[in-house]
1. Of everything in the range 13-25, what is closer than 20 Å to residue 101 by Cα and at pLDDT below 85? Give them in sequence order.
2. Is it the case that residue 125 is assigned to a helix (DSSP H, G or I) and closer than 24 Å to residue 46 by Cα?
3. Return the residues of the range 196-230 that are outside any helix (DSSP H, G or I) and closer than 23 Å to residue 53 by Cα; say none if nothing qualifies.
4. Within the range 27-46, can you find the residues that are more than 18 Å from residue 106 (Cβ to Cβ), within 31 Å of the chain's Cα centre (by Cα) and touching a residue at least 12 places away in the same chain (Cβ under 8 Å)?
5. Quick test of your reading of the structure: residue 134 fulfils all but one of (1) in a helix (DSSP H, G or I); (2) more than 20 Å from the chain's Cα centre (by Cα). Name the failing condition by number.
6. Select, from 245, 255, 196, 210, the only residue that is in contact with a helix residue (DSSP H, G or I) (Cβ under 8 Å, 6 or more places away or on another chain), under 25 Å from residue 331 (Cα atoms) and surrounded by fewer than 21 Cβ atoms within 10 Å (Cβ to Cβ).
7. Restrict the check to the range 166-176 and report whether at least one residue is assigned to a strand (DSSP E or B), over 22 Å from residue 214 (Cβ atoms) and at pLDDT below 90.
8. Looking at the range 182-195, which of the residues that are assigned to a helix (DSSP H, G or I) and touching a residue at least 24 places away in the same chain (Cβ under 8 Å) is nearest to the chain's Cα centre (by Cα)?
């Protein structure tokens, strides 16, 4: 509570620009803003909300098997707290005061999760949620999301899903909470049951109904990636329509590398279907090659003062390697399109990058950095090229995983 300061400033509920500037100027984590209205008959109403920096977005790609920072348009998040309408007779009508207290207490739990202490985060978040357990405010949903992510971090995935699912079944869940639930149900890092994947689709469809959600484009993109390769032609057509709307609209997704890669994958899939039907459409293959090439160029290369999720710490300089599979995709597209020079150019880049990753993986193995070794060998083995090097990479990947598990069983910190 000592970290909360009252400021002699009036920030109305609609003054979003002023609120964000004030929050940035004060280097504040969160800012309470509100408005008090009084009628001639003496009745009054209170409307409150919060302004805080938007959550960082990272993209975990199941195709390239890596995690990269994502560009976003929403730098500030505005959430409403429960208001009071014409209730001067109520003894204590300020429900938003309970919610504000929960938010302040929950900050400690969120910081604990950020610091890599999920057990402590869960305990602190439980204490914060107990202050306002029945709140339907999107701001309190952020605390529930933080708790679910902490539960998932310690392996309690089913408990985390149940926590968020209860809010969705009650019909009071925010769009952010539904997106998080869909991610846990269809986590790309693990093999999930088909029923969970279907539930994730239903949850994302429900979240997309909220057109006032500033991150609705994120909901639609996630939905399109789940149904893009569905055997149902109607769902695939829906995915294509979503991707086309995002490409032609003002969404930031059209500039994201993974959106461009998805567009290339879609074009190459259609090319394969047409080829199977007896028609070799080189224009379609050229379209796929263009998107694959754009994806390589659009990938982030370097970040300063970036918190590396693999190491759990902020690094002065972080480099993001382009996996060999992206060069292999571009090579396949240009080969099918008949672009001889570009085909061989991306084949050369693919082989050089794969050999480089192989050496880095072996060096990491020798130094006992098994997690890094697994990442390098996994990137190589995921290419799908049936040659001797891929077999070596698969063997090295398995050995690295066994060494990591053995080191963990012996209590060795690497």
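1. 13
2. On the way: assigned to a helix (DSSP H, G or I): yes; closer than 24 Å to residue 46 by Cα: no.
No: the conditions fail for residue 125.
3. The first filter runs over the range 196-230 and keeps only residues outside any helix (DSSP H, G or I), leaving 209-215, 228-230.
Correct list: 210, 211, 212, 213, 214, 215.
4. So in the range 27-46, the residues more than 18 Å from residue 106 (Cβ to Cβ) come out as 27, 33-46.
Applying the additional criterion that residues be within 31 Å of the chain's Cα centre (by Cα) yields 27, 33-34.
Passing the criteria: 33, 34.
5. (1)
6. Numbers: 245 fails: under 25 Å from residue 331 (Cα atoms); 196 fails: under 25 Å from residue 331 (Cα atoms); 210 fails: under 25 Å from residue 331 (Cα atoms).
Step by step, each of 245, 255, 196, 210 is checked, and only 255 is in contact with a helix residue (DSSP H, G or I) (Cβ under 8 Å, 6 or more places away or on another chain), under 25 Å from residue 331 (Cα atoms) and surrounded by fewer than 21 Cβ atoms within 10 Å (Cβ to Cβ).
7. Here is the first cut: in the range 166-176, the residues assigned to a strand (DSSP E or B) are none.
No, the conditions are met nowhere in the range 166-176.
8. Initial filter on the range 182-195 (assigned to a helix (DSSP H, G or I)): 182-185, 194-195.
Adding the requirement that they be touching a residue at least 24 places away in the same chain (Cβ under 8 Å) leaves 182-185.
Working: 182: 11, 183: 8, 184: 11, 185: 13 Å.
The selected residue is 183.
The values are calculated or read from the model by the stated rules, or taken from the named source; none is laboratory data. Computed from a predicted model, the values in this text were never measured in an experiment. Quick reminder, even Gly has a Cβ in these numbers, built from the backbone with ideal geometry, and neighbours come from all protein chains shown.
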